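This report refers to the structure that appears directly beneath it.
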Amino acid sequence: MSEYLVALTIACTLVTLSYLALKIQRMHFFENYEKIASPVLTGLACILLMQQPLSLDTGAVDLRYLPVVMAGLRYGLGNALFSTLLPTIYGFVTAEDSMWMMQTLQSLIIPAVLSSGFHRSEFRNGSKPIPIRAGLKISVLLFLTQVVIYAAVHTGGHALSESYPLLFMSVVSAVSVCLLIGMSNDENAKWLNQRKLEMKASQDLLTGLPNLRSFFEIAGRTLGFRAVSIFMIDIDNFKQYNDCWGHLHGDQLLRETGRLLKNVVAEHDYVARYGGEEFILMSTETDPVKLREYAEKIRLAVAAHPFEHAETTPVTVSIGISAAADAAADLQLLIDEADRALYISKNTGKNRITLCSESPEPALLEQQNAY
C-alpha cells in the first residue's frame, strides 16, 4: 500500500510544480519565447516525474504523461510532440533494457496524440477555459489504451482482473488532470483580467484607440532603433459639426473616425488619439513621395466614408507630416514639426496634406486665418 501512497505524493508534487510552471510561463521573457519555453518546461517536468517510478503489478509506472497531456490540450499536437523530445532522450540514455521504446510510446506519444484531439485554438491564449470533461475523457481513453496494451503483453486469462493498479493510477491521473486544468483556467482568467486592465489603462475610452501615453511609449521605443514619420490628423470643422448636431453625434463621429483610421493605416504603423478631434500616427515609412500617397489614401478614405449628416456637413481631415532623418531624432520635435505642418494644412484650405519639408514661408501663414 505504501507504493500507492507514494503515487499520491507524486501527484500532489506534480500539481504544485505545475502551478509554479504556470507562473513562470506568464513571465514576459517566457511569453516572448513561448514556442520553445513551453515544450522545454513540459519536458523537464516529465523528466522529474520519471525519477521515482512505481513498481506495481503492471511493471514500472509513473505520471510522466500528465505534463504532456496539458501541453496537448492547450497548445496542440506539434507542441505536445515537441514536449516529448527531452524525456524521450532521457529515457534512451538511462534505459537498462529495450522496453524504453514501448514505455515512450505508451507514456508520452499516445498521451500527446490523444490530448491534442481535444485541443482548441482558444485554449492557447486563454480566451476560452479548457473544459474539465476533456481531461476526464482523456483519462478514460488513456486507461483503456493501457488496459489493451497490458492485455496484449500479458496473455493470461486474468489479465483484465489483475489490472486494478492501472485503474488506481488512472484515477490518480484523472484527479490530477482536473486539478491542473482548474489551475490553468484560473491562472488564465487572472492573466486575461490583468491584460484587460492594462489595455484599458492605455486606451482612449471614447474611440478605443491607444491613448497618448501609450503612443509615446511605443513611438519612443521604435524611434530608438529606426527612423519614423509622424502624422498629425485633425477633423475639419469639428466644432461646427458639434454645434450643428450635438455632442453625442460629435462623439459618434470621433468613434467612427477612430475605427476608420485603425482599418486604413498600414499593419506595422500605430495610430492613437491625440486629444479633442486630433489623431496621431507613427509610420515606418519616411520617403516623402510615399508618405504623401499614404496620407492621400487616409484623406480620401475619410472624405468618402458615409458619416451621419455628411450630406449637409461634410467630414474631411487635414494632415501634417514630419519625417525623421534617422533613428536619433527627437520624438517631441517630430510631433511639433508635424503639428506646424498640420496648422498650414488647416490655414491653406483644409482637407489637404502638408509635409514639414514642404512648408511655405512664415509670411504666407500670417495672411491666413487661424483655425
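The values are calculated or read from the model by the stated rules, or taken from the named source; none is laboratory data. As the structure is a computational prediction, the values presented were derived from the model and not from experiment. Note: ideal-geometry Cβ built from the backbone for every residue, glycine included; neighbour counts use all protein chains shown. Calculation scope for accessible area: heavy atoms of the full protein, side chains included, ligands and nucleic acids excluded. Shrake-Rupley method; radii C 1.70, N 1.55, O 1.52, S 1.80 Å.
Can you pull out every residue in region 103-116 that is in contact (Cβ under 8 Å) with a residue 12 or more places away in the chain and open to solvent by 30 Å² or more (accessible area, probe 1.4 Å)?
Within region 103-116, Gln103, Gln106, Ile109, Ile110, Val113, Leu114 qualify.
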Inset, instruction - Give, as residue ranges, the helices (runs of 4 or more DSSP H) completely inside region 210-322 that count at least 3 residues that are over 26 Å from the mean Cα position of the chain (by Cα). - result: 238-245, 247-264, 288-304
Inset, instruction - Out of Leu41, Leu136, Leu86, report the one residue that is modelled with pLDDT of 85 or more, open to solvent by 40 Å² or more (accessible area, probe 1.4 Å) and closer than 16 Å to Leu180 by Cα. - result: Leu136
Legend entry - Among the residues listed as Val317, Val289, the single one being touching a residue at least 12 places away in the same chain (Cβ under 8 Å), closer than 24 Å to Arg340 by Cβ and not polar (S, T, N, Q): Val317
Legend entry - Odd one out for Ala325 among (1) surrounded by 15 or more Cβ atoms within 10 Å (Cβ to Cβ); (2) under 22 Å from Ile218 (Cα atoms): (1)
Legend entry - region 226-257, subset closer than 17 Å to Val302 by Cβ and of a type in the set (Val, Ile, Thr), residue surrounded by the fewest Cβ atoms within 10 Å (Cβ to Cβ): Ile235
Legend entry - Residues that are surrounded by fewer than 18 Cβ atoms within 10 Å (Cβ to Cβ) and touching a residue at least 40 places away in the same chain (Cβ under 8 Å), drawn from region 139-152: Ile149
Inset, instruction - Please name all residue pairs, on different chains or six or more residues apart, with Cβ atoms under 6 Å, provided the first residue is in region 329-351 and is touching a residue at least 60 places away in the same chain (Cβ under 8 Å) and the second residue is in a helix (DSSP H, G or I) and loosely packed, with under 15 Cβ neighbours inside 10 Å. - result: Leu331/Gly220
